[in-house]
Every structure is written in C-alpha cells, then in structure tokens.
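Below you'll find the structure, written out as structure tokens, and then a few comments.
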Amino acid sequence: MSRLPSTNHLLSLKSSIFKSARFKFCEILILLVLTLPICYDFIMFVKRILIFFPLVLIFFLAQSFFWVPTYDKQALGSPERLKKYIHGSAADAEMLNPAISADTTSSSIEQLVFDGLISLDDKLEYRPRLATSWTQSEEAFLVVDPRHRIQGIAKPSPEPADWLDFLRQSLKGNSKWTANIKSVEVIPGTTIQGTLQVLVLGSDGSPELLNGRPRMESASYTFQQPDRIKFVLVRIDQDFFNPIKRLIGDDYFTSFPYEDFIQAENPRQRERLKLHFPEILQVTEHSPVIDFDLRRGVRFHDGHEFDSGDVLFTYRSIMDIKTASPRRSDYEPVKSAEVLGPYKIRFTYKRLFSPAINSWFMGILPEHLLNAEVLKKEALAQKTDPEKFTIRDSKFNRNPVGTGPFKFADWKSDELIRLQRNDDYWEGPPEYQEYIMRIIPDALTQEMEFYAGAVDNYSAQPHQVARFKQEEKYQSFSSLGYFFAYIGYNQRNPLFKSAEVRKALGMAIDVEQIIKYVLYGEGERVTGPYAKMTDWYDQQVQPLPYDPAGALEILNGLGWQKNAEAFLEKDGKVFEFNLITNAGNPIRKNILTIAQNGWRKLGIKCNTQIFEWAVFLKDFVNTHNFDAVVLGWSMGIDPDLYQIWHSSQTGKRQLNFVGYENAEADRLIVRIRQEYDKAEQIKMTHQLHQIIARDQPYTFLYVRKATQLLDKKIVIVEPESDGSGEKYARIYPTRDGEINYYFNKWRKLDTVPQFSEK
C-alpha cells in the first residue's frame, strides 16, 4: 500500500530543489562573466556584417550587371545560343488551346504552334494560310404570300413563278442589280417544327425573375414555311431587297400575316411567341456564304494529314456549349457547315455579319487527337466520368499539336515554355531551331536579362525610350497600338446630357501636356473610336483645342455661372461630379489629377477616386454607378463597334456603359457590320467617326506608342533574286507596327552584317 509523503518531507524536498537551482544559476552567471568578452566580440562581428551587407549587395548587383556574359560572349562560348530565340514574358500561359484560351500570353505561343485558315499580311490585307483561297457570296430569300395583290400581276392569287416573272420584267433595267444575280429558283414550302426560349410573364404582365434574371421557358411551335424565291448572288449586298420593296410596297414587309403560318403548340404561350414571329419567319433573308479551298499536303506535328474534317471539328468544338469557348459569339451567326470534299468546306451564315471572315484567323485543332472517342479514352485513363470530361480537361491543352512553324516541346509552369522548329512546315522551316518563352514577372529583372543578352527582346517603358534609341547595339521599333485612352461620361447623369457640356469638359484638358510629361512624348492624340493606323479612322477629324476660356464661354452660355466660392452653379446646384479609375495604373492616376486641375480652373468641382480593378468593374462600371471614368479600349482590326456604341448595348454589364444613344450612329453601326465592300465600309466608318467626335461621349485622349528592342545582330534572311545565295535585311515593322510578321525568317548572327537595303 503506497503512502503519501509527509509535510516535512515535502518541505525538505522543496528546499533541496531550491538550493540546487540556486547553485546552477550561480554557475551560469559565472560562465557568462567569463565568456562576456567573447560574446561582445561576436556581437560586434555580426553588427559589422549587418552594416556592410547593403554595400556588399549593391556591389554584387553591380558586378552581375557588368560581368554577366554579354550577347557576344554567349555567342562565342556557345554557338547553339545563336539558334535560340528567348522571349521574356511577365506572365505564364493559361492553356495552349486556341479554342478556349483567352489570355495574351497563351495566344502568343498558339500563333507559333497553330495555323488559321487565313491571316493578315504586312499591309493588313487578308492572306492565305491553311486555306489557299476563299470566296464570299450570298443566298437571298424572299417569302411569297400568294394572297398579296401586286399591282402588275393580273392573277388574283399569283404563284411564285408569276412573282419571279414580274420581278424580272420590272427590274431588267437595273443592270447593277441584275448583274449580281447568279441564279434564281423557287423553293417549295414545307412544315417545320421548332422550339425557342420565351419570357415567363407574371399576372401583371411583367417578366418573372429567377435569381435576379428574367425567367425563360421553352415554347414549341409548328411553322408552315411558305414558298420562297431563292437568289444566288455573286457578291453580298445588304441593299439587295430595296428595289423589290419599292415594287411590291413596304406594307408587304411591315404587315406580314405571321399568325397565318405559325402556330404555338401550347395556346398559353401564343401571345409571348408572337414577339418572336419575325425571327421564326423571315420575310427576307440574307445568308452569306464563305467557301474555303484548303491547302493540300499539310501535316500536324504528329504526322497526321490536315483536311476539311479538322476545320469542321474546330467549329463544332467551339459551338459545343460544354467547351465554354470564349470565341463562341464569333461563330454563332453560322447557320450551317458543310464539307464539300477533303479540301473544301462551306459555311453559310444566318444573317449579314461582315466580321465573320476574321474569325477564321483562329488556329485549327486536330480532330484525331480531340474527338469524342479520344476524350472518352482519356477520361477513363484518368478515372474520370466521360460524360463530364471535355476538351477543357484534356492533357492536349498542355501538350498542343498544331500545323504551325514550331512544335511544342516543354512547359515548366512559371518558368518557361519551349518550342522546337517544325522542319516540315509547309511554308518552309523557321531560321531559329528553338523558341523559348521565359516567365520573368519582375520588370527590372527582365530589363537586366535583356542587357545581359539572356533574353532577345524588351518592351521599353516610355521614360526609357529616348535612352535606348541612343545605344548603338540595339534596334528599336516604335509604333502606335490598337489601344486608346479616354474619359467617359455617364450620360444618364443630367450633367452630361448635353454634347456641348462634354465638349467644354474636353477643351479644358491639355492632352498635349499629358503626352509630353506623362508619356514622355511616346503617344499621339486620337479623335474617335477606331485604331489610328487603320483605314476606319478618319484622319481629317481634328482634335478638340485646349481652350479653357472657350470652354468657360460654352458653359456660361448654357447657364452655368460662378458663385461666391468660384464654383460654377446653375439653378442653385454646383457643377460637381466624381471621376474614377482603377488602381495599379500610374498613367491613369496622373490623368485624374490633370483633368481635376483643368476643370477646377473653370470652376468645376471634381472629386477623384481610385478602386481595385474588381471593385471598379463590379460596383461602378457594370452597374452604371459612376459619373465619369478614365479608361481605355484595345480595338480589333475590323470596323464593328456594335457592342461599344450601339444604343441597344447600354444595359448593365454591357460595353456601352456610358449610355451613348444616337439614332444615326445606330443606323451606321448596323450597316457597317452588314457591309462586305471595304470601300463602302470606309465611307461609313468615317461618317460614324465624325458623329461620335461631334457628340463627345468620350473625351478622346491619346494612343500610346509601344517600343520594342532587339539586338542589331538579329536580321531577316532572304534569298538572292538570282538564287545564288542569301542576303540579310533589316527587320522592319508592318503597317500596324508589328515586327514579328517575318519572324520565321529571323536569324541571329555573331556580328552585325552589311545590309541589302530595301
């Protein structure tokens, strides 16, 4: 039986422990006293290190800058370096599949690995790639209502043939119209069953909401398609039906009896279905057609031959809703795709849409590596449900196979992407054996790597351009980009309803000073909505003058007068608003200050705010909860501005967030996107440019220049005209300032050659 210790025993034990601890403490104290000189010396040593560490670091960085092997030394020490082109990128790619990627970095790699059917040449004209040629034509349809009486046809119920004879006789004097008709035929009517989505309406007649959005339901219908006259046209003509309308009367088109031909299967849905009658039954229909003749003998990087099936597969993959392709809207206007042979394919569109041709720049995917059977096998190998497995999940996206000048070789995330030359490229192999994209997020590091020759190109910042242009070892290329900066005014705000007010606000901002001091001279003024180097931009439109006195005169004329505090006031209300932009952009931050100061001189009270990008979009731009914004647009090569400027695009989360509305501008925007004749497009884009410049929904500011740097030893290699050898030419930009157009002909030399000047 155990016994508990007594109190005396516990006290004795406590005393013993205390004495022992006291002894140990004394020992430690004596030891510290004896070693104090040594500890002091050690502490002083560490202190000296800490004092001199920054100096050592600076020295190390300096020697890295000056002692890292230069381009020349690298080339002498390793001739293989001459065969590699190394590009520095601030960000890594997301995925290497042109059907589903949306970032710039991925696109830059995809352009080397994949080919599209067509692309743009150095003059910004279309050129053949995987397609050797193409034609654009039109199938136009006119619905025949036999009950309609036409003056000139004696029969009480004329047949389609009677209509056809009447049109031929009546329009035979219109040589331009008749010359465009390749063939005409009557298409017999048929019965069509279909389904579409309609709004669900509440008891008060307003749309019901589901999760904040209008609720939709499927509505089925039976459609008795009347006889139609089909015109096959040589060229696409959006005005083709105008002469016909003048003959048979506008009422035929404005009062067509749709209800006689369309029946809702559910009578409850009939009224809602009526809103879609013109969509179901198009009285006139334009169906543009693009026929592509494809290049023969082209092979994918794995040796499989390219043909029309790959083009059809690419289109269907994009349109597959499970793919969730960001490019789907580019192909939505396609009505049908038809393979006409191994090397011929036809796309028929359901409406006029002139930007359609540009969608075929996109790289073509290999069907044999991504078809349903292959994806199913891959899903099973990964032990994943095949029904849920899509192209987005495929290993192909990190191991792409295309027909382009370079083959994919390696991808180390956040480090590099390596490509190898395609020696069997249909246009001839590139000069470089390897293309390497190094991920270098830090701008200073990227600059140092360029100086050392570890990367072959560098995008100079505005403040660096003048210095770099003076350095003999570099060739520089400055060009205007597709981007322009602007101040946009929310025209839902009564302050900005008047175009004269918006004009006055623009006249108070010294844009030339922004270009000179903020951009270091690396920019030009812009006056309208198109990229400045394109034909769509009207060079004759003059920018607003910097004229604060004239601006104040305009505002005074509109009733704005300065109050006792020197602020403009009208009807007891001070001219006051907020100007906002996104964080992380020092140039836009400077513009805020310059605009604020300029308007303050007029007596306008402008408050400025900066928000994180996500907050800026979500809480302000997308919800229209702003007065004015500093932003920019990166424009495309085609003239379509529907999403940005058409009055139908002013809703929340749409791109016409400033709420610009102009009926004439709307008309031109629609006609431009339906016009296939470039000369006519140019006329109309210039008209649109003039209207927008007059209305000033934006204060258009500038387009910034981009400057690319390369070593002068990088050249273009071309064959001699007599076939005797080769010659070297300087790299030169295309019309839009792009320098990579002839990249496949670039070669890196060990010395600067004698050039054969162009």
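The numbers here are math on the coordinates, done by the rules we state, and not lab data. Everything numeric in this text was worked out from a predicted model, so none of it was measured. Virtual Cβ from ideal backbone geometry, glycine too; neighbours counted across all protein chains shown.
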Give me Rg over Rh for the stretch 145-284, both radii from the alpha carbons and Rh done the Kirkwood way, two decimal places. 1.07
Just to check I understand the Karplus step: with θ = phi - 60° and J = 6.51 cos²θ - 1.76 cosθ + 1.60, what whole-Hz values come out for the stretch 255-269, glycine and proline as x? 10, 5, x, 4, 5, 6, 10, 10, 10, 7, 5, 10, x, 5, 8
Can you work out the Karplus-derived ³J(HN,Hα) for every residue in the stretch 514-529? Use 6.51 cos²θ - 1.76 cosθ + 1.60 with θ = phi - 60°, whole Hz, and x for glycine or proline. 4, 5, 6, 9, 8, 9, 6, x, 8, x, 9, 6, 10, 10, x, x
In what order do Tyr741, Tyr349 fall by count of nearby beta-carbon atoms within 10 Å, going from fewest to most? Tyr741, Tyr349
All other residues with a Cβ under 10 Å from the Cβ of Lys748 taken together, and with Lys, Arg as +1 and Asp, Glu as -1, what is their net charge? +1
Taking the simple approach of a point 7 Å from Cα along Cα-to-Cβ for both Asn622 and Glu159, what is their distance in nm? 5.9
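Might you report the magnitude of the Cβ-based charge dipole of the chain about its Cα centre, with Lys and Arg at +1 and Asp and Glu at -1, to the nearest 20 debye?
On the way: 94 positive and 97 negative charges, 476 e Å.
Approximately 2280 debye in magnitude.
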Counting other C-beta atoms within 10 Å, and keeping those with at most 13, which DSSP coil GluC sites (Glu not before Pro) do you find in the stretch 121-202? Glu125
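Taking the beta-carbon count within 10 Å as an exposure proxy, list His463, His87 from fewest neighbours to most.
Values: His463 10, His87 18.
In order of increasing Cβ crowding within 10 Å: His463, His87.
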Enumerate the amide H contacts of Gly523 below 5 Å, restricted to partners 5 or more residues apart or on another chain; note that Pro and chain-start residues carry no placed amide H. Lys705
So which lysines can Lys176 reach, going by Cα to Cα under 25 Å and dropping same-chain residues fewer than 8 places off? Lys230, Lys245, Lys350, Lys678, Lys683
Alpha-carbon spread of the stretch 219-310, three principal axes, descending order, Å: 57, 38, 19
Would you mind listing how long the stretch 545-618 runs along its three principal axes, going by Cα atoms, in whole Å with the largest first? 39, 28, 19
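So what are the stretch 486-706's ellipsoid semi-axes, whole angstrom, largest first, if each one is the square root of 5 times an eigenvalue of the alpha-carbon gyration tensor?
On the way: eigenvalues 157, 73, 69 Å².
Gyration-tensor ellipsoid for the stretch 486-706: 28, 19, 19 Å.
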Greater than 20 Å apart at Cα, pairs in Lys407/Lys712; Lys123/Lys532; Lys335/Lys388; Lys123/Lys727; Lys377/Lys407; Lys172/Lys335: Lys407/Lys712; Lys335/Lys388; Lys123/Lys727; Lys377/Lys407; Lys172/Lys335
Rounded to whole Hz and in sequence order, give me ³J(HN,Hα) for the stretch 615-620 from the Karplus expression 6.51 cos²θ - 1.76 cosθ + 1.60, θ = phi - 60°, writing x for Gly and Pro. 5, 4, 6, 5, 8, 10
The stretch 324-369 versus the stretch 466-525: alpha-carbon centroid distance in Å: 37
Neighbouring Cβ atoms within 10 Å as the yardstick, rank Thr323, Thr593 fewest first. Thr593, Thr323
With volume of the Cα convex hull per residue in Å³ in mind, check [x] 194; [y] 171; [z] 380 and report the label derived from this structure. [z]
Counting pairs of alpha carbon atoms under 8 Å apart in space and at least six apart in sequence, what relative contact order in percent does the stretch 486-706 give? 33
In the stretch 145-284, with Lys and Arg counted as +1 and Asp and Glu as -1 at Cβ, which of these residues, Pro158, Pro214, Gly173, has the Cα nearest the positive end of the dipole, that is, farthest along it? Gly173
When only Cα pairs under 8 Å and 6 or more residues apart are kept, what is the percent relative contact order across the stretch 145-284? 24
Using the Cα centre as the reference, give the magnitude of the dipole from point charges on the C-beta atoms of the stretch 486-706 (Lys, Arg: +1; Asp, Glu: -1; all else neutral), rounded to the nearest 20 debye. 400
With an 8 Å Cα cut-off and a minimum separation of 6 or more residues, compute the relative contact order for the chain in percent. 15
Reachable aspartates and glutamates, given that their alpha-carbon falls under 16 Å from the alpha-carbon of Lys383 and they are not under 8 places away in the same chain: Glu373, Asp393
If you average the C-alpha positions of the stretch 607-622 and of the stretch 638-668 separately, how far apart do those two centres end up, in angstrom? 21
Any idea how far the Cα center of the stretch 125-177 sits from the one of the stretch 208-284, in Å? 19
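Would you be so kind as to identify all helices of the chain, as entire DSSP H runs, whose Cα atoms reach 15 Å or more along the helix's own axis and whose mean Kyte-Doolittle hydropathy is at least 1.0?
Working: long enough: 7-67 (79 Å, 1.36); 160-171 (16 Å, -0.19); 308-319 (17 Å, 0.43); 586-602 (25 Å, -0.47); 663-673 (16 Å, 0.01); 678-695 (25 Å, -0.78).
Going by DSSP H runs, the hits are 7-67.
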Within straight-line cross-link reach of Lys705, aspartates and glutamates at Cα separation under 16 Å, skipping those fewer than 8 residues along the same chain: Glu512, Glu522, Glu524, Asp736, Glu738
Taking H as built 1.01 Å from N, whose amide H comes closer than 5 Å to the amide H of Thr132, not counting residues under 5 places away? Asp293, Leu294, Arg295
